[in-house]
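Take a look at the structure below.
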Amino acid sequence: MARIFCIANQKGGVGKTTTTVNLAAGLVRIGQRVLVVDLDPQGNTTMGSGLDKRALEATVYDVLIGAAPAADAIQHVERVGYDVLGANRELAGAEVELVEIDQRDRRLKLALAEVQDDYDFILIDCPPSLSLLTLNGLTCAHGVIVPMQCEYFALEGLSDLVNSIKQVHANLNRELHLIGLLRVMFDPRMTLQQQVSDQLQAHFGDKVFKTIIPRNVRLAEAPSYGLPGVIFDPTAKGSLAFIEFAREMVERVGLHGGRGSAAPAPAPTAKRKA
């Protein structure tokens, strides 16, 4: 059964999508089977994984409202090696429609239960707010990965997110835990970033991942080619950092060994290819 993780931060522009697609690609590189779920109506994770969000026949929106099973909406993307449950602007309407649906905060959990045995990891890219969409992600997840820049305002928003995780844990999902904080877009030459990094480690201890993702031009360029940086330029510093982060994730959740050291895992045969 897959381990399900939300990549979440209530602050926008902190690298959630970059983290999601590159962690997914890194996990594939070390032999894991991965599904990426795009829960953001902007569909950036979908596009960054090599899919045209405008051409999708079925999306996570259809899955949430019960118009399609997850297996029919999931596509395998050969170039990146992982599966994608994509999103587009239609998903923005789900907030209103879900209000009238039974178990509206558990729709994603119920849908993924049918496919999670096919994967080692399911990564959910959440929108930058505690919306009903994010709540669906948190309700079905085992843990939350928080990408954050080492800046003052990032610390301000972090306490709100931690409180939200505690509330969901107490009321909706007893399995939900904060897995760790990932320092992204890090520039060691900036004194403030180093100071904030030190504060994070002092306060959160081993909840701060050892891996640090550096600020890297190749990671920033990759989305324009519809690829994660790990695939676009595997030798870039940012790409190597994400592969190392993937190894740290596997170790942290106890999935030692994977399905090989470097080769991509085979795709589930039932999925459409893109």
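Side notes on the structure shown:
- Estimated distance in nm for a label pair at Glu151 and Asp206, the labels positioned 7 Å out from Cα along Cα-to-Cβ: 3.2
- Result for the chain in a Gaussian network model with C-alpha springs under 10 Å: among Asn136, Asn44, Asn171, the largest mean-square fluctuation is at Asn171.
- Summarising the strand pairing of the chain, around 10 percent of its internal DSSP beta bridges are antiparallel.
- Given 16 as the ceiling on other Cβ atoms within 10 Å, longest exposed-site-free region of the chain for GluC sites (Glu not before Pro) in DSSP loops: 176-274
- Probe 1.4 Å, accessible area per residue of the chain, Å²: 44
- Available extension along the chain between Ala55 and Leu192 is 45.0 nm, counting 0.36 nm per residue and deducting the alpha carbon span.
- Considering only alpha-carbon pairs that sit under 8 angstrom and 6 or more positions apart, the relative contact order computed for the chain is 30 percent.
- Once the Cβ-Cβ distance of Asp117 and Lys237 is raised to the sixth power relative to R0 = 41 Å, the FRET efficiency obtained is 0.70.
- For segment 132-183: relative contact order, % (alpha-carbon pairs under 8 angstrom, 6 or more apart): 55
- Here the gap between Gln167 and Glu78, fully extended at 0.36 nm per residue and compared with their Cα-Cα distance, gives a gain of 28.2 nm.
- Rolled with a 1.4 Å probe across the full set of protein chains, the surface gives Ser129 an accessible area near 50 Å².
- Rounded to the nearest 500, the helix-only mean residue ellipticity at 222 nm of the chain stands at -11000 deg cm²/dmol, with each DSSP H run of n ≥ 4 adding -39,500 (n - 2.57).
- Summing +1 for each Lys or Arg and -1 for each Asp or Glu among the other residues whose beta-carbon sits under 13 angstrom from that of Leu130 gives -1.
- Once the C-beta distance of Arg247 and Val217 is scaled by a Förster radius of 30 Å, the resulting FRET efficiency is 0.80 to the nearest 0.05.
- Across segment 183-196, rounded Karplus estimates of 3J(HN,Hα) from the backbone phi angles (6.51 cos²θ - 1.76 cosθ + 1.60, θ = phi - 60°) give 7, 10, 6, 8, 10, x, 6, 8, 4, 4, 4, 5, 5, 5 Hz, Gly and Pro being marked x.
The values are calculated or read from the model by the stated rules, or taken from the named source; none is laboratory data. Keep in mind that what you see is a predicted model, and the values were worked out from it rather than measured. Counting neighbours? That spans all protein chains shown, and the Cβs are built from the backbone with ideal geometry, glycine included. Accessible surface is based on the protein model in full, side chains and every heavy atom, while ligands, DNA and RNA are left aside. Shrake-Rupley method; radii C 1.70, N 1.55, O 1.52, S 1.80 Å.
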